[in-house]
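> One structure is given below, represented as structure tokens, and several questions about it will come after.
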Amino acid sequence: MDPTVSTRREESDEAEAVNMLKVLPMDCIAKVLSLTTPADACRSSLVSTSFKSLAESNAVWDCFVPPESDYLFNNSSSSSSSSSLPISSKKKLFLHLCDHPLLIHDGKLSLSLEKKSGKKCYMLSPKDLIIVWIDTPDYWRWTSLPHTRFPEVAELIKVCWLEIRGRINTCMLSPATLYAAYLVFKTTTGSYGFESQPIEVEVGLVGGEIHKQTVYLDADGGRRLRYQIVPRRIGVFNRPLRRIPGFQAPQPQPKENEELNGLKYPKERVDGWLEIELGKFFNRSGKDNGELEMSVLEVNGGSWKGGLIVQGIEIRPKP
């Protein structure tokens, strides 16, 4: 296409946008933009200088931030240390919540936003979970670690009955959204008892249908399966080319939630922690007053296990 023609078309589009701003009430255009997504609002700001001013206004971005966010940021007694940060616009507030989870409910729950869609994401801290034997020092202990969302996390010393449950009201979740729940954890150097030990996980509404599946918390086991070295026969006519003779090449890294030989293992997060998907849940209206329950169970084997550090259970939109 002729660059001159392209430039003229862009100028025409900008002029049309400016004319629309003159004809339609500003609050009407802001309402339309607020019914889109944060990504769409950002794209619309590229239309023209006039449109950018409207697309970045508080009237638009107020619909993308949680209704309680103003109170949480202005309240000096908020659990989050970021409550005193100066936030000069609702767009900046939105972007801040995307990258800096906010502690709410007395520091037992963190709230953040997915940048592309603006959907709500939560993490339940160990203080907000039901962990069997958590008050018994011989079995569990509270500890503080760097790079965590909460002041304290739960470290498993030893148990033969592992049971962790968490609940969240579905009205807190974004409507018409497919969510997935994840156990976020680490293993200590002396971790034991999880090798080849199946863990039952459940996700579902309290009093409703529960979806169950089996996973494994042994991260090393997952790594071994990804890069297993399998002997193979060597012959004159079947010698592998560009490989170490007698061995298969390492298996490629699986995509998120991909099974390894039919077994589900944890994957490493960008923050250095591990996570394993517990299950999915589609939140329809966001107005129903139901409770979503997530469970991690190993109560049948009877074997002792230890060396697990639990940061929490995260509920976020499924990609």
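> Among the residues of segment 146-171, count how many are out of contact with any strand residue (DSSP E or B) (no Cβ under 7 Å at 6 or more places or on another chain) and more than 23 Å from Gly272 (Cα to Cα).
Number of matching residues: 3.
> Of all residues in segment 91-131, which are within 21 Å of Ser44 (Cα to Cα) and hydrophobic (A, V, I, L, M, F, W, C)?
Leu93, Phe94, Leu95, Cys98, Leu113
> Right, something else. With the condition kept exactly as written, say whether any residue in segment 32-47 is modelled with pLDDT under 80, among the charged types (D, E, K, R) and surrounded by fewer than 16 Cβ atoms within 10 Å (Cβ to Cβ).
Checked segment 32-47: no residue is modelled with pLDDT under 80, among the charged types (D, E, K, R) and surrounded by fewer than 16 Cβ atoms within 10 Å (Cβ to Cβ).
> Can you tell me which residues in segment 137-153 are among the aromatic types (Phe, Trp, Tyr) and exposed (fewer than 15 other Cβ atoms within 10 Å of the Cβ)?
Listed by number, the list holds a single entry, Trp142.
> Quick check on this structure: which one of Leu156, Leu109, Leu178 is loosely packed, with under 14 Cβ neighbours inside 10 Å and either touching a Phe, Trp or Tyr at 6+ places or on another chain (Cβ under 8 Å) or of a type in the set (Gly, Ala, Ser) (or both)? Before the answer, list the steps.
On the way: Leu156 fails: loosely packed, with under 14 Cβ neighbours inside 10 Å; Leu109 fails: loosely packed, with under 14 Cβ neighbours inside 10 Å.
Testing whether each residue is loosely packed, with under 14 Cβ neighbours inside 10 Å and either touching a Phe, Trp or Tyr at 6+ places or on another chain (Cβ under 8 Å) or of a type in the set (Gly, Ala, Ser) (or both) leaves just Leu178.
> Checking Leu292 against (1) within 25 Å of Leu156 (Cβ to Cβ); (2) at pLDDT below 95, which test does it fail?
The one condition Leu292 does not meet is (2).
> Let me ask another. Applying the selection to segment 285-318, what residues are surrounded by 17 or more Cβ atoms within 10 Å (Cβ to Cβ) and more than 25 Å from Leu173 (Cα to Cα)?
Listed by number, the residues that qualify are Glu298, Lys305, Gly306, Gly307, Leu308, Ile309.
The values are calculated or read from the model by the stated rules, or taken from the named source; none is laboratory data. The structure presented is a predicted model; accordingly, all values stated were derived computationally and were not measured. Neighbour counts run over all protein chains shown; Cβ positions are idealised from the backbone, glycine included.
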